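Written out below as structure tokens is the structure these notes cover.
Rule-based calculations on the coordinates, nothing more; no lab input. Not measured: the values here are computed from a predicted model. Neighbour counts run over all protein chains shown; Cβ positions are idealised from the backbone, glycine included.
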Amino acid sequence: MPKKAVSLVQRELTLLEGINSLRSIREFKLNPIPKEVLDKILEAATKAASGSNTQPWEFIVIQDPNVKARLKGPMLETWMKRLAASNMSSRMRKVYDDATEMLRNTEKVPAIVYCCFDRNKSSKSEEVQYASILPSVQNLMLAAHALGLGTCLTVHGSTSTRGEPEVKKILGVPDHVKIACLVYLGYPTREYGPPRRRPLKNYVHYDAW
């Protein structure tokens, strides 16, 4: 399949086109996302597979800038502490600088989506719990991409060392619901080409390692 830049105004992508061109977007226009578009994206998320078809997903969509600003506080604080304790290459530093800038501008992103799972509905096994939410997150990102939006998958607010207790308190999330990840969502500020990936042969093993 020939590689093409992703147009900001486009027809809906085929599945393989979407998979091959999906990439992280960290700069978004201020344009709000229409409710019908959000509903279509979230509906696609709920079509994913889950362990024993428990469908334990819960999605918290935040559009209010004031709420986003409150949520940014604990997430940015814990993020900066992790960065201060890390030792990374200059290439990775650039990636993390871009990620930090996106986090600093959380209230300006049109929507952020906390992707959660309900422990009362899912398996008691942690690996099955995550296996039951992450496919829906991929569906969410692919559907957004097909509709001309960009996404960035993060783990801000998903653990005790990433601000989850504070985030759950701000949002009133019950104890039995676990935040798995956070997706930033909006219209990209420019066109992007496909992501760079190493050759398939680097990763695939048939019948043995």
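Observations on the structure shown:
- In the chain, the calculated helix contribution to ellipticity at 222 nm averages -12500 deg cm²/dmol per residue, counting -39,500 (n - 2.57) for every DSSP H run with n ≥ 4.
- Annotation: amide H of Ser158 within the under-5 Å range of Glu164, sequence separation 5 or more or interchain, hydrogens built in the peptide plane.
- Among Tyr114, Pro165, Ala69 the positive-end extreme of the charge dipole of the chain (Cβ point charges): Ala69
- Extension gain, Leu30 to Arg119: 0.36 nm times the residue separation minus the Cα-Cα distance gives 28.6 nm.
- Answer label, with Rg and Dmax of the Cα atoms in Å calculated from the coordinates and candidates [x] 20.4, 72; [y] 23.8, 89; [z] 17.6, 53: [z]
- As a calculated quantity, the FRET efficiency between Val67 and Val155 at R0 = 22 Å, using C-beta atoms, amounts to about 0.65.
- Global geometry of the stretch 146-209, whether rounded, prolate or oblate, following the gyration tensor of its Cα atoms and the 1.5 cut on a/c: oblate
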